[in-house]
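Input: a single structure, listed below in structure tokens.
No value in this document is a laboratory result; all are computed from the given coordinates. Bear in mind that the values here come from a model prediction, so they are computed numbers and not experimental data. Cβ coordinates were reconstructed from backbone atoms using ideal geometry, including for glycine residues, and neighbour counts include every protein chain displayed.
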Amino acid sequence: MSNASIYPYFLGPYGENNDLLEKLVVEFLRDHVYWRRNLYPDDPPAIPTRASDTPEFMEFEARLRRELHSLSAALKRSVPFHSPRYLGHMVSDVLLPGLAAQFLTLPYNPNNVSVDAAPVTVDLEIKTGLQLARMLGFSTDTTKADCSFGHLTSGGTVANYQALRLAMALKAFPVALLAANPPGLSLPEDDWQAYNLTPDQSIALLSNWHHWLDQQSIADKQHYMRRLHVERIETRGLCDFFTTHLDLVVPSVLAPITAHYSWSKGVKLLGLGRQQLMPVPVRGMRMNCDALHDIIENHLKQQKPILMAVGVLGSTEFGTIDPLHELLRERDWAAKHGIGFSVHVDAAWGGYLATLFRQEDGGIRPREEVCSEFSRFPDTEVYSAFEALGHVDSVTVDPHKLGYIPYGAGAFICRDQRGMELLAEEADYVFSVNKNDDYFKRYRQLGRYIPEGSKSGAIAAAVYVTHSVMPLDHRHFGKLPRESILAAEVFQQAIQDFSRRVSNRLICYVPFEPDSNLVCLALNPVGNRDIATMNNFVRGLHDILRCDPGVPLQRREYFGSITTLRPNTMGPEDSRRIYDALGLDLIADERGNMPEDSLVILRHTLMNPFMIDSENDVSYIEGYFDFLERNIDALLDTNNSRPMTVLVTP
């Protein structure tokens, strides 16, 4: 491991590539200064050449240096995400192409809300959206009407909000058009049918509306466009819209219990209400599509519409991957029974894993070919999920996670860009549609379509340059997730070895088979049946793994994180399996409800590509488990000094 071809990708754990980064930063800073001086060479310098000799200048420089030195000193207490000793949260070192591109672009300070404020980087952002769309398996032919579209956001949370906005716009548009009642246009029979079209059907209706407008007189165009504008949910608001259409109610959003908390924020932000977010049970921390089917059936019986079903491609806590292929089957079944909804995939974590499956020509690799590179990855369900990605309606991806880009870089990508006009502040349907409208020209006024009013062009440059230097396929960018998956497989083997070494003292258990490069580990002292005692033990381990501002970093050998398992979210089957494996008591109440107590477990993110350093014959994974083994005895002694429930052999 530690593939030599990735050596130039990062600054390096030891700052090994400092010369390369320094050369790039200095070269392009000088280039920027050259640009300023030669833009209007006849203009006199506004700052006198002797300004630096003035007391005011020197005092300002002294204050600036003092504050920067203070900041630099304080930042030395930062979490060392760059180190292969860091196995905690979803973050690692950043790629040199992105870092250099961001440094290069910052002095130009482009605002990607509009081409007027960012004539270069807006185009880079649009191209970045197409790069990500190709990675996911969407169409990227910009000459085709149904080409995909993507844009960057500050993070996955805002991308999820955008998905909800688009889904709601597509769901409500047919109802508004039916109310506007343009003569001669084929429309749904009633509000219920209009409200339950699939996203593809809504987009087709939107296209038909455009064609109908093209055939009308100017007066009729203006009349019916005004009527539609008045009827739209974006004009009326939720309350007035549903008061006007009494047969309709606020739709549900179906998401697995593993979904990120941003979905709870999103339904509240859009005014849908928290009670419309319906949790779908999981099996092995992956969406249980049998349970999803039952939920959809109940919605049909109750005439309750569904806005969206969310699939998770790499859950935040466990890295598990939902069976997207099964989710799509449920979507198609529901559509045949008259209830259409969007499918959005929250791939904030796992999106870049798609590079492992992507050929250089954009096709998907055979499973056998992918499997040949790993011991376990991917199983048939995981492969099928990635194979299905190209058929969902929209996706969230975070370049600042497995894309190794500086914060904050999230992304929203939709399969068919035609629906985006429904989000425009000055909607395209107000104007005569130009069938030859250039894709890039349309989206250069990016602020019309996105939630943000300002956004950094430097981040767009960072992501675009990274993807251009390292194309999003298995031979290029895919080298990085390949290293991380291999590290996760080595980590799992190391758990087995560690478990054997400490079997007389500690029960070690992986509660869920990893689908990606996150591995959780439950630890319980042998003989203990008490949840609180186990949790105290794991928290004690975490105390020596977490970054503490009051403790010098050098006194921490490794860095890790924790998460929790809740029986009432895992379900009885998984709860019983895990509690039994750990030797814990699982006591349900008289109604059979699972206890509220959470299990605290260790959570490991294997992102750093240098965890197994072949060059120096060092394995930081082995070192981590040696570190744990050295510390468990002291923790067990501490725990044994407290009351503990032990297993009594009859």
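Restricting things to alpha carbons, tell me how big the range 183-315 is in terms of Rg and Dmax, in Å.
Spelled out, the Cα radius of gyration and Dmax of the range 183-315 are 18.0, 60 Å.
Out of every Cα-Cα pair in the range 83-162, what percent are more than 22 Å apart?
Details: 1318 of 3160 pairs.
Result for the distance tail: 42 percent.
Rounded to the nearest 500 deg cm²/dmol, what is the calculated helix-only ellipticity per residue at 222 nm for the chain, with -39500 (n - 2.57) per DSSP H run of length n ≥ 4? Kindly include the intermediate steps, with their values, before the conclusion.
Values: 21 runs with 279 residues, N = 650.
It comes out at -13500 deg cm²/dmol, rounded to the nearest 500.
What do you get for Rg/Rh of the range 403-546 when both radii come from the Cα atoms and Rh is the Kirkwood radius?
Numbers: Rg = 24.7 Å, Rh = 20.6 Å.
Computed over Cα atoms, the ratio is 1.20.
Once you list every other residue whose beta carbon is under 15 Å from the beta carbon of PRO378, what net charge do they have if Lys and Arg are +1 and Asp and Glu are -1?
-4
Would you mind putting 317-328, 470-481 in packing order, based on average other-beta-carbon counts within 10 Å, highest first? Please list the in-between numbers first.
Values: 317-328: 24.2, 470-481: 20.6.
Those peptides, ordered most packed to least, come out 317-328, 470-481.
Checking the cross-link filter: which aspartates and glutamates have an alpha carbon closer than 20 Å to that of LYS144, excluding same-chain neighbours under 8 positions apart?
ASP123, GLU125, ASP200, ASP214, ASP361, ASP393, ASP416, GLU421, ASP428, ASP437, ASP438
Report, for the chain, the % of DSSP beta bridges that are antiparallel, rounded to 5. Walk me through the numbers before you get to the answer.
Working: 31 of 48 bridges.
Here the antiparallel bridges make up roughly 65 percent for the chain.
Which Cα, out of MET135, SER78, MET58, lies furthest along the positive dipole direction of the range 52-148 (beta carbon charges, K/R +1, D/E -1)?
Towards the positive end, the residue furthest out is SER78.
Would you mind checking which residues have amide H under 5 Å from ARG358's amide H? H placed 1.01 Å from N; only 5 or more apart, or other chain.
ARG365, HIS474
When ranked by the protection proxy of mean other Cβ atoms within 10 Å per residue, highest first, what sequence do the peptides 393-400, 526-533 form? Kindly include the intermediate steps, with their values, before the conclusion.
On the way: 393-400: 28.4, 526-533: 17.8.
Highest mean packing first, the order is 393-400, 526-533.
Normalised by the residues of the chain, what does the relative contact order come to in percent, with Cα pairs under 8 Å and at least six apart?
Numbers: 1094 pairs, mean separation 131.8, N = 650.
About 20 percent, as a whole number.
Any idea what the dipole of the chain comes to, in debye rounded to 20, about its Cα centre with Lys/Arg Cβ at +1 and Asp/Glu Cβ at -1?
Values: 62 positive and 81 negative charges, 171 e Å.
In total the dipole reaches around 820 debye.
Non-local amide H neighbours of PHE10 (under 5 Å, H modeled in plane, Pro and chain starts lacking H): which ones?
Under 5 Å from the amide H of PHE10: LEU96.
Taking LYS265 as the anchor, which aspartates and glutamates have their alpha carbon closer than 15 Å to its alpha carbon, excluding any fewer than eight residues away along the same chain?
Within the straight-line limit of under 15 Å, LYS265 reaches these aspartates and glutamates: ASP346.
Send over the per residue convex hull volume for the range 23-166, Cα only, as a whole number of Å³. Write down the numbers at each step before the final one.
On the way: hull volume 31.3 nm³, N = 144.
Cα-based convex hull of the range 23-166, divided per residue, equals 218 Å³.
Net charge around PRO451, counting only other residues with Cβ within less than 12 Å of its Cβ (Lys, Arg = +1; Asp, Glu = -1)?
Details: positive: ARG165, ARG448, LYS455; negative: GLU425, GLU452.
Around PRO451, the surrounding residues sum to +1.
I'd like to know which of TRP263, GLN276, ALA348 lies farthest towards the positive end of the charge dipole of the range 263-416, counting +1 on Cβ of Lys and Arg and -1 on Cβ of Asp and Glu.
Working it through, the farthest residue towards the positive pole turns out to be GLN276.
With Rg/Rh (Cα atoms, Kirkwood Rh) in mind, check (i) 1.03; (ii) 0.95; (iii) 1.01 and report the label derived from this structure.
This structure yields the entry labelled (iii).
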